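Everything below concerns the one structure shown next.
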Amino acid sequence: CHGRPMNAFGQERGFTVAEVLLAAAIVALAFVALATIIPISTYAVQEGNQYSTATFLAGQKLELARNVPWTSASPNDCLGLSPSATAAPAVPAGATCTFGATTVAAGGVLPWLADESASAIAGFGGYSRAVRVTDCGVAGCAGVTDSGARLVVVTVTFTPMTGIGQAPGPKSLTQTMVLSQR
């Protein structure tokens with residue numbers, strides 16, 4: 001006896017070369033499949049993280065818009081209106097804005113709702129943010145046609161990562177809210 005187990009016929013047990021090669025091929029295929037899935041799953045996690053960050057940044061700006069003064073008494077309008085679809089909100093004619101220590105005259109762009117480039121948001125490089133404000137009494141906002149209501153639209157743009165680097169183009173996330181004058 002050589003110390004190797006024997007089968008019922010007195011022959012040594014073991015694997016044939018063909019069995020070993022087949023097992024090696026199956027293990028190699030499993031590793032190839034695993035190596036293919038890891039970058040895809042990493043991309044999915046990264047994309048989810050980027051969308052969560054964009055959602056946070058949009059919500060942060062909506063919360064700010066909700067808390068700025070917009071009153072009819074001695075028109076204090078710190079929410080403003082966007083003069084066009086590509087312009088940040090400005091104080092409308094006939095109003096001024098006093099918010100904390102800052103005063104902005106009619107026609108002045110509101111600094112807290114100004115567009116932010118991909119390098120302007122502290123701690124969030126690669127994300128840009130734009131705020132647009134529309135008068136619901138003029139343009140209508142999802143069925144609301146009251147001049148005492150405004151539609152605030154925040155768009156956050158970023159370039160997502162892929163399994164092989166950055167995607168060829170940016171993606172955007174948009175959040176909206178209708179606010180009423182206080």
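Looking across Gly163, Gly143, one residue alone is of a type in the set (Gly, Ala, Ser), modelled with pLDDT under 90, open to solvent by 70 Å² or more (accessible area, probe 1.4 Å) and more than 18 Å from Pro89 (Cβ to Cβ). It is Gly143.
Taking segment 21-78 on its own, how many of its residues are among the acidic types (Asp, Glu) and in contact (Cβ under 8 Å) with a residue 60 or more places away in the chain? Spell out how you get there, then give the answer.
First, pick out the residues of segment 21-78 that are among the acidic types (Asp, Glu): 47, 63, 77.
Filter once more, so that each one left must be in contact (Cβ under 8 Å) with a residue 60 or more places away in the chain: 47.
Result for segment 21-78: 1.
Every test in (1) among the hydroxyl-bearing types (Ser, Thr, Tyr); (2) open to solvent by 60 Å² or more (accessible area, probe 1.4 Å); (3) within 30 Å of Leu179 (Cα to Cα) is passed by Thr36 save one, and that test is (3).
Quick grid of which residues meet (1) in contact with a His (Cβ under 6 Å, 6 or more places away or on another chain); (2) over 30 Å from Glu47 (Cα atoms); (3) surrounded by fewer than 16 Cβ atoms within 10 Å (Cβ to Cβ); (4) modelled with pLDDT of 95 or more:
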position	(1), (2), (3), (4)
Thr102	no, yes, yes, no
Phe124	no, no, no, no
Val131	no, no, no, yes
Asp135	no, yes, no, no
Ala139	no, yes, yes, no
Ala149	no, yes, no, no
Thr155	no, no, no, yes
Phe158	no, no, no, no
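Take the residues in segment 109-119 that are under 19 Å from Val153 (Cα atoms) and among the small types (Gly, Ala, Ser); name whichever of them is surrounded by the fewest Cβ atoms within 10 Å (Cβ to Cβ).
Step one: list which residues in segment 109-119 are under 19 Å from Val153 (Cα atoms), which gives 109-118.
Retained after the next criterion (residues that are among the small types (Gly, Ala, Ser)): 114, 117-118.
Details: Ala114: 14, Ser117: 11, Ala118: 15.
In this case the residue turns out to be Ser117.
Just name the residue that is farthest from Val152 (Cα to Cα) out of those in segment 83-98 that are buried (at least 17 other Cβ atoms within 10 Å of the Cβ) and touching a residue at least 24 places away in the same chain (Cβ under 8 Å).
Residues of segment 83-98 that are buried (at least 17 other Cβ atoms within 10 Å of the Cβ), as a first pass: 88-92, 95, 97.
Among the residues that remain, those that are also touching a residue at least 24 places away in the same chain (Cβ under 8 Å) are: 88-89, 97.
On the way: Ala88: 11, Pro89: 10, Cys97: 17 Å.
For segment 83-98, the residue satisfying everything is Cys97.
Against the test of being touching a Gly at 6+ places or on another chain (Cβ under 8 Å) and more than 23 Å from Ser172 (Cα to Cα), the options Ala101, Ala106 yield a single qualifying residue, Ala106.
The residue list Ala65, Ala58, Ala30 contains one member that is open to solvent by less than 70 Å² (accessible area, probe 1.4 Å) and more than 23 Å from the chain's Cα centre (by Cα), which is Ala30.
The values are calculated or read from the model by the stated rules, or taken from the named source; none is laboratory data. Since the model is a prediction, treat every value here as computed from it, not as a measurement. Here Cβ is always computed from backbone atoms with ideal geometry, including for glycine, and neighbour counts include all displayed protein chains. Surface accessibility is based on the protein's heavy atoms, side chains included, excluding ligands, DNA and RNA. Shrake-Rupley method; radii C 1.70, N 1.55, O 1.52, S 1.80 Å.
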